[in-house]
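Contents: one structure, followed by commentary.
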Amino acid sequence: MQTDLALSPLKDKLPADRNPALVYLASLGVGGRRSQAQALRVLASILEGRDGASRSLAFDFFPWPRLKYQHTAAIRSKLMARYAPATANKMLSALRGVLRECWRLGLMSAEDFQRAIDLKPVHGETLPAGRELSAGELSALMQACMKDGSPAGARDAALIALLYAVGLRRAEIVALDLSDFDPKTGKLIVRGKRSKERTAYLNNGGLDALMDWLHVRGGFDGPLFVPVNRGGRISSGRMSNQAVYNALAKRGAEAGVENFSPHDMRRTFISDLLDKGADIATVSKMAGHANVQTTARYDRRPEEAKQKAARLLHVPYKRRRDGEKSQRRRAI
């Protein structure tokens, strides 16, 4: 970033109802608010010429209305060089959102606004991070929960059941209330990104796991999943995203399962449904994806087809005996 493009922060923060960054964040859901706030910190750090200092910057002190096309074009160039296309476009979305609020608040002219947001999306495709869990790993996780006779064991079994059998995101599972579940039908009302609601259904072992947790939890109103302290006491509060992550990490360590994230459970949910012949459009709706293309990125069948095709070719080469012996010695 050239120094003549760098902008200095404001000396005094604008009132909350006139601050375009705060107004933009207030329009988002809780989950989106958190991630886009971090995006604004990164953008502010780039524009202030303080790369790497994004965590400590106060983006609400940044002079967003002073941005011109040359600034936003330079931001796009920086993001292209540093981040995967999906991440870069998410940050550009945050930038457009703040500039739109600048225009709505009368802090930026319509002409400057249109020029500043006239940015092409960052193109490219990366493979989804993470991994799928095997049936054996899922079984081992459930066994670890069932060995724990405390309320936490029942709760964590239900958490794993919903993360896999319904493919919930962490933010979605902690947002569930008891009133969102119908025990007669196994129906769940899930609130996803941008406050979009969808229905999901629990059957078989997943429904059994949740019913066992509800028997332990009790019938009080409030969050479906609540904290359990070390003494086994059940709280009436709501679990945090981090608490879900910690619960899975604990059960993974107990079960001897290789490191995985809550999102890997969602990845496994999508992949297993597609493997078993479920229609991709239906799976996309079940996962709460805005489009089928997002769901297709989790489809492992094309990779398996490529592996099968690769085995059709034969390279006429034979391993050297001394190489085999050397490999054996290294193994010993």
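The values are calculated or read from the model by the stated rules, or taken from the named source; none is laboratory data. Remember, predicted model here, so these are calculated numbers, not experimental data. Quick reminder, even Gly has a Cβ in these numbers, built from the backbone with ideal geometry, and neighbours come from all protein chains shown.
Details
- Taken over the stretch 193-204, the criterion of being surrounded by 13 or more Cβ atoms within 10 Å (Cβ to Cβ) and outside any loop (DSSP other than H, G, I, E, B) is satisfied by Lys193, Arg198, Thr199, Ala200, Tyr201.
Okay, residues lined up against (1) under 30 Å from Arg301 (Cβ atoms); (2) at pLDDT 95 or above; (3) touching a Lys or Arg at 6+ places or on another chain (Cβ under 8 Å):
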site: Leu214; (1), (2), (3): no, yes, no
site: Val228; (1), (2), (3): no, no, yes
site: Arg266; (1), (2), (3): yes, no, yes
site: Ile270; (1), (2), (3): yes, no, no
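For every residue, the table says whether it meets (1) surrounded by 19 or more Cβ atoms within 10 Å (Cβ to Cβ); (2) of a type in the set (Lys, Arg); (3) at pLDDT below 90.
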site: Val23; (1), (2), (3): yes, no, no
site: Ala26; (1), (2), (3): no, no, no
site: Leu47; (1), (2), (3): yes, no, yes
site: Arg50; (1), (2), (3): no, yes, yes
site: Leu57; (1), (2), (3): yes, no, yes
site: Trp64; (1), (2), (3): yes, no, no
site: Ala74; (1), (2), (3): no, no, no
site: Arg96; (1), (2), (3): no, yes, no
site: Leu99; (1), (2), (3): yes, no, no
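- Test: residue in the stretch 187-195 that is farther than 19 Å from Gly288 by Cβ and in contact (Cβ under 8 Å) with a residue 12 or more places away in the chain: no
- Considering the stretch 271-303, the residues that are touching a Leu at 6+ places or on another chain (Cβ under 7 Å) and outside any loop (DSSP other than H, G, I, E, B) include one that is nearest to Thr199 (Cα to Cα), namely Val283.
- The numbered conditions (1) in contact with a helix residue (DSSP H, G or I) (Cβ under 6 Å, 6 or more places away or on another chain); (2) of a type in the set (D, E, K, R); (3) surrounded by fewer than 17 Cβ atoms within 10 Å (Cβ to Cβ) are all true for Lys147 except (1).
- Taking the criterion of being small (Gly, Ala, Ser) and either at pLDDT 85 or above or not in a helix (DSSP H, G or I) (or both), the residues of the stretch 306-330 that qualify are Ala309, Ala310.
- Scanning the stretch 218-242 for residues that are in contact (Cβ under 8 Å) with a residue 40 or more places away in the chain and assigned to a helix (DSSP H, G or I) yields a single hit, Asn241.
- Test: residue in the stretch 159-166 that is assigned by TED's automatic domain parsing to the domain that holds Thr295, of a type outside the set (Asp, Glu) and either in a loop (DSSP other than H, G, I, E, B) or surrounded by fewer than 17 Cβ atoms within 10 Å (Cβ to Cβ) (or both): yes
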